[in-house]
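First up is the structure itself, then whatever we jot down about it.
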Amino acid sequence: MHEDVERCLAAVRSKDARFDGWFITAVRTTGIYCRPSCPVVPPKAENMRFLPSAAAAQQAGFRACKRCRPDASPGSPLWNERADLVARAMRLIADGVVDREGVTGLAAHLGYSTRQVERQLSAELGAGPLALARAQRAQTARLMIETSALPMGEVAMSSGFASIRTFNETVLEVFALTPTQLRARARQAPATTGTSPGTLTVRLPFRAPLNPDSLFGHLAATAVPGVEEWRDGAYRRTLRLPHGHGIVALRPPVDDPARRWVECRLTLADLRDLPIAISRCRRLLDLDADPVAVGEHLAADPALAPLVQKAPGRRVPRTVDADEFAVRAVLGQQVSTAAARTHAARLVLAHGTPVDDPDGGLTHLFPDVNALATLDVERLAFPRARRAALLTVITALAAGTVDLGAGSDWQQARAALAALPGIGTWTVETIAMRALGDPDAFIATDLGVRRAAESLGLPDPPAALRRYAERWRPWRAYAVQYLWATGDHPINRLPAGNA
C-alpha cells in the first residue's frame, strides 16, 4: 500500500487508525516516522515519505515518534492473510526464529536460500530479516523498560540483544531516548507492571471494531480444564515457550467498548520469551485482522448483511500452539464440546507437564506431541477409528511429516493432513482455520454451519453450500463465525462467572 501515495496521503490527513500497521509515514524535515493516525498536524505532502515497515524507516535513519508510538500499532493484516514466502517469513520472525536460529534457520524453515529470502523481504518491506528482527527486539526492549523494574542489563539480554552496548545504541537510535529516559517517561503514567517476578502487563492493540462475545466466549466454552480457564473476567491459559513455560491472562475491553487494546498479563519463567508470547497471544485473538474490510465484503451478501451489521468485528479464535490444536481437533470429531473437553483433560492429566499457578486453577501445560508419542490409545474411551486417527496425527506431527508451524505452507499442510487415515474435510478445515490461521478456511460439513445455513435459507447440502460460499472468499473463516453466532451456544457469549 505504501506505493499508493494518494491513498496514503488521504489516510494520514484523515488520521484513519484502520491503516495503522499497513504503512509508515516518515517525515523528512523532522527525521521521525509515525503511524497514519498520529494526532499531530500532518506535514506537507512533499515532506512525507511512505515506507512499508518500521524496520525500513529505521534503516533509512528515521526515529520513532514519541507521540503516536508507531512501534505499538497493530501489525499488518497481510501476514495473517497471505501464504506466500514473505508472509510466512514474517510469521516466523514474529515467532522469534531469527533470534533463535539466525537467517540461515529462517531460510531452512521456508525451504529457500538465505539470499532468496533476503531479496524478497527487502523488495517488499524495505528491510531484510535481520533488520526486521532488530525492530522487533527494539519494541520488546521498550515494553520491558516501561513495564518492569528489571535492571537494564537483564532487559537487554531478555529482549535479544547480544550486548549492553548494542542495546543502548539501538534504543537511542530508534526512540531518540536512552533506556533510562524511556523508563523515567513511563513512570509518569499509571504503572502496569506485575506484582511477582517475571510478570508483566502489556496492551495488545487492535483495529476496531472488535466483538469479544464469540471470540472470548469460544475460548472459554472449549477450554481444557487445567490448561485453560475463565476467571475474574479474563481468559487464562498456560503457554509452552522456547525457554520455559508461561501463563497468560487476556482481558477483553468489555468495561470500556471504546478501548482499542486487550489487557495481557504474562507470567514467564524466562523473559526472553516475551516477544514470542505476545506474538502468539495476538495470533490467538486474531488482533491484526482488518474487520472493516472483512465486514464490507461479507455484508455484500444479503444473507450475511444483517448478521454483520448486528455484531461487526467478529474475529476467528485461533491457537497459541498449532500441534496442540490439531490433537484437540481429532478429539473433537463427532462429539459435543463437553465431551471433547473431557477427553482432552484426561490426556493433560496423564501426559501434561505440571505447573504452578498461585493466581488461579491452571495445573498443566498441554502435552507436546513427543510426550504423546508413547500414548496407549487402546485405553482411550472413544471409537477405534478415532483412536487410530489420533495416533496417526500425533505420529505425523512428531515426525515432522505434517508441518503446522508459523511458517508452514497452508496448502501443503492441508494435503498432508488429508492424506492421513481418519482425517476428513471437517478436521482439515478446522485445523486450517484455527491452527494455520487461513482466513478462507471453510467447514461446510460442520453441524452448526449447516443449521445456520438452513435458518438463513442458504443451500443445505455441504457441496451446494460450498459453492454458494465462493462469494465470501477470501474471508470464509469469518463467515463461519457469523454463521455460528446464529445459534444458542455457550461459544457465542462471555461467561457470567468463573469457568
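Just so you know, all these numbers are worked out from the coordinates, no wet-lab data involved. Just so it is clear, the structure is predicted and the values come from calculations on it, not from any experiment. Using ideal geometry, Cβ is built from the backbone for each residue, glycine included, and neighbour counts are taken over all protein chains shown.
Values computed for the structure shown
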| quantity | calculated |
| --- | --- |
| Convex hull volume per residue for the range 225-343, taking Cα atoms only, in Å³ | 147 Å³ |
| Reciprocal mean inverse distance between Cα atoms of the range 23-71 - Kirkwood radius, Å | 10.4 Å |
| Fraction of the pair-distance distribution of the range 1-139 above 25 Å, Cα-Cα pairs, percent | 26 percent |
| Under Karplus coefficients 6.51, -1.76 and 1.60, residue-wise ³J(HN,Hα) of the range 2-16 in Hz, glycine/proline x | 4, 7, 8, 4, 4, 5, 5, 4, 5, 5, 5, 5, 8, 6, 7 |
| Highest to lowest packing among 52-63, 37-48, 462-473, scored as the average C-beta count within 10 Å | 52-63, 462-473, 37-48 |
| Derived scalar couplings ³J(HN,Hα) [the range 450-464; Karplus, 6.51 cos²θ - 1.76 cosθ + 1.60; whole Hz; x for Gly, Pro] | 5, 5, 5, 4, 5, 5, 8, x, 8, x, 8, x, x, 5, 5 |
| Integer Hz, Karplus 6.51/-1.76/1.60 couplings in order for the range 394-407, x for Gly and Pro | 4, 5, 5, 5, 5, 7, x, 6, 10, 10, 10, x, 4, x |
| Positive-pole candidate from LEU390, SER113, VAL41, dipole of the chain, charges at beta carbon | VAL41 |
| Cysteines without a disulfide-compatible neighbour (Cβ-Cβ under 4.7 Å), the chain | CYS8, CYS264, CYS281 |
| Efficiency of FRET between SER455 and ARG165 - r from beta-carbon atoms, R0 45 angstrom, step 0.05 | 0.10 |
| Cα Rg, Dmax (largest Cα-Cα span) when computed across the range 199-288, Å | 12.6, 36 |
| 15 Å beta-carbon shell around PRO459, net charge (K/R +1, D/E -1) | +1 |
| LEU458, LEU219 arranged by Cβ crowding within 10 Å, fewest neighbours leading | LEU458, LEU219 |
| LEU106, LEU182 arranged by Cβ crowding within 10 Å, fewest neighbours leading | LEU182, LEU106 |
| Structure-based [θ]222 nm, the chain - -39500 (n - 2.57) summed over DSSP H runs of at least 4, per residue, nearest 500 | -13000 deg cm²/dmol |
| Assigned charges on the beta-carbon of Lys, Arg, Asp, Glu; the chain dipole about Cα centre (debye) | 800 debye |
| Along principal axes, Cα extents of the chain, largest first, whole Å | 67, 50, 49 |
| Computed over the range 322-491, Kirkwood Rh from alpha-carbon pairs, angstrom | 17.2 Å |
| Cα-centre dipole for the range 322-491 with unit charges at Cβ (Lys and Arg positive, Asp and Glu negative), debye to 20 | 640 debye |
| Calculated FRET efficiency for the pair GLU154/ASN47, C-beta based, R₀ 45 Å, to 0.05 | 0.65 |
| Distance from the range 69-139 to the range 197-216 (C-alpha centre basis), Å | 23 Å |
| Likely footprinting exposure, LYS15, LYS66, fewest C-beta neighbours within 10 Å first | LYS66, LYS15 |
